[in-house]
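The next block holds one structure in the form of structure tokens; read it before the comments.
The values are calculated or read from the model by the stated rules, or taken from the named source; none is laboratory data. Quick caveat, the model's predicted, so the values are computed rather than measured. We place every Cβ from the backbone using ideal geometry, glycine too, and count neighbours over all the protein chains shown.
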Amino acid sequence: MLTAMSLLICPPETPFAPHDARLSHSGKRYRCAVGRTGLIAEGEKCEGDGATPIGRYRLLSGFYRADRIARPLTAGLVMTPIQPGMGWQDDPASSRYNCLIPDGYPMEGEESFLRQDDRYDIIVVLDHNAAWPHPEARPPDVAVKPGGGSAIFLHVWNETDGKPTGTAGCVAMRQADLLAVLAQCATGAEIVIREA
């Protein structure tokens, strides 16, 4: 059962771009992509900067496209089918900033989970900046930093010419690799994002 992973940015001589990284656990290394501008200290993360925040984050829960893939197997991490109208609020002015947009929520200023590409066929929410993957409102005592970055996910990567493209701040992997990692993820699993 997987309780921790380590995301390592490659040494300068090996990456083809700032977003080229490796996720390692249990002696295995998987190629992955981070933000198109690379990594950034957690306290410096800003909405729209294209960087992945350094730090230790719990995997809170996941979502998947049931119309495209079978429910990903996990060792306890909750995976919920994506419904029409579901997305993530990324507007810093919203009271639901960095929260799940449940089925039927107005579609303004959020990232829709129903993408035409396959990037969000599997999504795992990381607990960066008080992320809230639940349909009910975030409790008022859970502090979020408006503009401090939202929608930091583990998801399927996009590739060009066989190479992964950078993300907006998420960690992305080949679907087969992501499924292999998720199969070992229990509730409370963590990902450590750091420079090598």
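General observations
- Candidates R65, R36, R31, R58 - the one that is modelled with pLDDT of 95 or more and among the basic types (K, R): R65
- Screening A66 on (1) part of a loop (DSSP other than H, G, I, E, B); (2) in contact with a Pro (Cβ under 6 Å, 6 or more places away or on another chain); (3) closer than 29 Å to V142 by Cα; (4) not charged (D, E, K, R) shows it passes everything except condition (3).
- Residues that are surrounded by 21 or more Cβ atoms within 10 Å (Cβ to Cβ) and free of Cβ contacts under 8 Å to residues at least 24 places away in the same chain, drawn from the range 54-88: none
- Index of the failed condition, P102 passing every other in (1) surrounded by fewer than 17 Cβ atoms within 10 Å (Cβ to Cβ); (2) modelled with pLDDT of 90 or more; (3) of a type outside the set (K, R): (2)
Residue-wise test of (1) over 16 Å from the mean Cα position of the chain (by Cα); (2) farther than 18 Å from C46 by Cα; (3) surrounded by fewer than 16 Cβ atoms within 10 Å (Cβ to Cβ).
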{"position": "R96", "(1), (2), (3)": "yes, no, no"}
{"position": "D118", "(1), (2), (3)": "no, yes, yes"}
{"position": "H134", "(1), (2), (3)": "no, yes, yes"}
{"position": "V171", "(1), (2), (3)": "no, no, no"}
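- Just one residue in the set D91, D177, D141 is touching a Lys or Arg at 6+ places or on another chain (Cβ under 8 Å) and surrounded by fewer than 23 Cβ atoms within 10 Å (Cβ to Cβ); that residue is D177.
- Residues in the range 41-63 that are among the charged types (D, E, K, R) and in a strand (DSSP E or B): R56, R58.
- Pairs are defined by a Cβ separation below 7 Å, a sequence spacing of at least 6 or placement on different chains, a first member in the range 142-171 that is modelled with pLDDT under 90, and a second member that is among the small types (G, A, S) and surrounded by 14 or more Cβ atoms within 10 Å (Cβ to Cβ); the pairs so defined are P164/A33; P164/A172.
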